[in-house]
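First comes the structure, then the notes that go with it.
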Amino acid sequence: MKVVTAEEMSRIEKQADAGGLTYDQMMENAGQAVVDAMAERRDVAGQRVVILTGPGNNGGDGLVVGRHLHDLEAEVSVYLWKRETTDDHNFEAVEERDIPVTRLDEDEGFETLREWIAKADIVIDALLGTGLSRPIEGTLAELLGVAGQVIAERADAPWIVAVDMPTGIYSDTGQSDPVTVPADLTITFGLPKHGQFLFPAAADIGELVVDDIEVPCELTADVELELTTADTVADLLPARPLDAHKGTFGKALVVAGSVNYTGAAYLAAAAATRVGAGLVTAGLPGPVYPVVASKLSEATYLVLAHDMGVLAPGAVKVLRENIEGYDALLVGCGLTQEEATAEFLEAFLLVETIEQRRRTRVGFAVPGAEEEETEKQEAPSSLPPTVIDGDGLNILAKIDEWWKKLRPEQAILTPHPGEMSRLRDAEIGDVQADRIEVAREAAEKWGQIVVLKGAYTVIAAPDGRVTLNPFAEPALATAGSGDVLAGAIVGMLAQGLTPYDAAVAGCYLHGLAGQLVGAELGSAGAVAGDLLPALPHAIQELEDL
């Protein structure tokens with residue numbers, strides 16, 4: 001499914017109209033879609049419904065909704081703002097049914113509006129839709145202010161349904177006007193819009209339903225932004241043939257952990273097993289090995305050189321000698337940023353020698369190092385498809401132009417907003433202000449696949465592909481959740497998915513597992529370990545589609 005800007009949707013609708021799907025028919029389809037979505041969720045017969053109706057097509061959609069709800073025996077009232085009703089056949093259909101209508105300019109002191117909303121079971125917002133282009137002011141601001149005040153004062157708040165978009169949300173940026181009345185249900189038409197997945201506006205959308213209103217698919221071909229769907233990921237899941245053996249499903253190597261972060265190594269390695277990797281090996285600092293091995297008996301282990309419980313440069317030799325035959329690599333979860341670990345990671349992932357890196361690593365210049373001779377590190381000549389997470393990213397962020405030195409041809413980088421801000425030398429607020437474009441630009445500049453984590457995770461590739469993960473689940477906002485995600489991605493990578501597909505599938509499975517855990521345990525108190533048994537259930541749910 002594509003995700004569009006307001007301009008892209010306007011262009012698509014114009015092309016659809018020119019191709020024979022008229023605006024009138026699209027309004028009819030949209031209005032019917034709203035009613036169908038409402039009727040699926042509750043019985044509308046006898047419900048008192050107030051429809052806030054504006055100018056343009058969004059208001060037309062609202063009038064169609066009013067007609068259909070009336071025919072389903074709802075008690076409908078229509079409140080008009082700046083709508084010219086001459087030659088408006090949708091309004092004529094409302095009048096023919098004797099549906100009560102009040103115009104804002106005839107409602108002194110908003111008395112009728114107050115009375116209607118105070119008694120309403122359902123309030124439908126069909127004022128602007130995606131048409132907002134400037135801050136709301138004047139009579140519209142007053143209307144929304146009154147409506148919001150009356151709703152807030154009620155002990156039994158009405159059900160708020162938005163037609164295409166709650167009024168006050170900028171459909172491209174995700175900004176939300178202070179007078180916006182948050183929706184419980186938003187039915188959007190044609191395709192979802194950028195702002196429905198960007199905060200703070202995403203918090204005002206409520207449940208989002210997308211209806212295609214019969215727009216031809218070919219008109220969306222040049223839209224770049226995708227939304228991951230269950231069907232998409234179901235098609236990506238590796239086959240599980242009856243004659244399979246563990247080698248069929250790939251070997252993943254997880255290099256992770258330190259004495260202070262033993263859980264990161266466990267969660268990442270366990271997640272790789274839970275998404276179906278045939279064999280998972282955990283490469284751990286010596287003191288971490290017994291802790292993780294006592295919890296995860298299904299993995300094999302490489303015990304690596306350490307310095308006070310964190311990985312040290314000597315670990316490179318063991319990895320070089322053992323890495324052949326692995327289909328995927330994850331490095332970074334819970335490593336810490338100690339200097340010994342930084343030297344290990346640089347020797348393992350970068351193409352330069354340690355002393356050369358010491359000269360270029362930001363904040364770690366070594367006096368006189370330019371005169372010293374350096375020895376070539378015994379790093380592997382090549383690495384399998386690689387995921388870099390957590391402290392792996394934090395260490396890279398301290399190296400000038402690190403992306404030009406990475407040994408993997410194309411890695412999957414999985415930063416949260418803080419890590420992304422360090423990688424880009426930018427403020428977190430700047431990252432969060434335009435997550436889609438930030439991920440897109442980073443992937444193109446670095447030549448890597450970027451997974452910008454958070455609510456509605458963004459996955460971007462250097463070739464311009466960008467995909468939104470459709471989950472914003474509070475149960476995932478817990479320590480270790482990112483380690484589970486990294487493990488899920490490397491597990492899919494080990495099973496033969498391309499790096500981009502592995503990132504898309506891993507993110508979706510992680511989000512769906514979070515949703516399952518949230519539904520069972522609630523959003524508070526769920527921990528990262530709860531995601532592990534939920535991952536196979538998420539896969540099964542997709543296989544059952």
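The values are calculated or read from the model by the stated rules, or taken from the named source; none is laboratory data. Just so you know, these numbers come straight off a predicted model, no measurement behind them. Note that we place each Cβ from the backbone using ideal geometry, even for glycine, and neighbour counts take in every protein chain shown.
Here are some notes:
- Tabulated pairs, the range 20-35, first more than 26 Å from Val123 (Cβ to Cβ), second modelled with pLDDT under 95, C-beta under 8 angstrom, 6+ apart or interchain: Leu21/Glu214; Leu21/Val215; Leu21/Pro216; Gln25/Glu214
- Within the range 106-127, considering residues that are assigned to a loop (DSSP other than H, G, I, E, B) and among the aliphatic types (A, V, I, L, M), the one surrounded by the most Cβ atoms within 10 Å (Cβ to Cβ): Leu127
- The range 221-249 residues that are farther than 30 Å from Ile436 by Cα and not assigned by TED's automatic domain parsing to the domain that holds Gln15, paired with ones that are polar (S, T, N, Q) and part of a helix (DSSP H, G or I) (beta carbon under 8 Å, 6 or more apart): Pro241/Thr248
- Pair list, Cβ under 7 Å, 6 or more apart: the range 520-545 residue free of Cβ contacts under 8 Å to residues at least 24 places away in the same chain and of a type in the set (A, V, I, L, M), other residue surrounded by 11 or more Cβ atoms within 10 Å (Cβ to Cβ) and assigned to a helix (DSSP H, G or I): Ala534/Ala513; Ala534/Leu516; Ala534/Val517
- Evaluation of Val255 against (1) touching a residue at least 60 places away in the same chain (Cβ under 8 Å); (2) farther than 21 Å from His510 by Cα; (3) not acidic (Asp, Glu) (one fails), failing number: (2)
- Residue within the range 450-459 that is closer than 17 Å to Leu236 by Cα and modelled with pLDDT of 95 or more present: yes
- Leading residue by the ranking (nearest to Asp544 (Cα to Cα)) among those in the range 202-233 that are within 16 Å of the chain's Cα centre (by Cα) and part of a loop (DSSP other than H, G, I, E, B): Thr229
- Some residue of the range 44-56 being touching a residue at least 60 places away in the same chain (Cβ under 8 Å), assigned to a helix (DSSP H, G or I) and in contact with a strand residue (DSSP E or B) (Cβ under 6 Å, 6 or more places away or on another chain): no
- Some residue of the range 75-96 being of a type in the set (Ser, Thr, Tyr), within 19 Å of Leu128 (Cα to Cα), free of Cβ contacts under 8 Å to residues at least 40 places away in the same chain and assigned to a helix (DSSP H, G or I): no
- Among the helices (runs of 4 or more DSSP H) confined to the range 383-442, the ones with at least 3 residues that are closer than 23 Å to Leu476 by Cα and in contact with a Leu (Cβ under 8 Å, 6 or more places away or on another chain) are located at 391-396, 417-424.
- Selection from the range 450-509 of residues that are charged (D, E, K, R), within 20 Å of Ala269 (Cα to Cα) and assigned to a loop (DSSP other than H, G, I, E, B): Lys453
- Sole exception among (1) in a loop (DSSP other than H, G, I, E, B); (2) surrounded by fewer than 23 Cβ atoms within 10 Å (Cβ to Cβ); (3) out of contact with any His (no Cβ under 7 Å at 6 or more places or on another chain) for Thr130, by number: (2)
- Here Gly447 passes the criteria (1) buried (at least 19 other Cβ atoms within 10 Å of the Cβ); (2) in contact with a Pro (Cβ under 9 Å, 6 or more places away or on another chain); (3) small (Gly, Ala, Ser); (4) under 22 Å from Asp391 (Cα atoms) except the one numbered (1).
- Residue in the range 68-105 that is farthest from Leu143 (Cα to Cα), counting only those that are basic (Lys, Arg) and either surrounded by 23 or more Cβ atoms within 10 Å (Cβ to Cβ) or in contact with a Pro (Cβ under 8 Å, 6 or more places away or on another chain) (or both): Arg83
- With a requirement of 2 or more residues that are under 31 Å from the mean Cα position of the chain (by Cα) and in contact (Cβ under 8 Å) with a residue 12 or more places away in the chain, the strands (runs of 3 or more DSSP E) lying completely within the range 271-333 that satisfy it span 279-285, 328-331.
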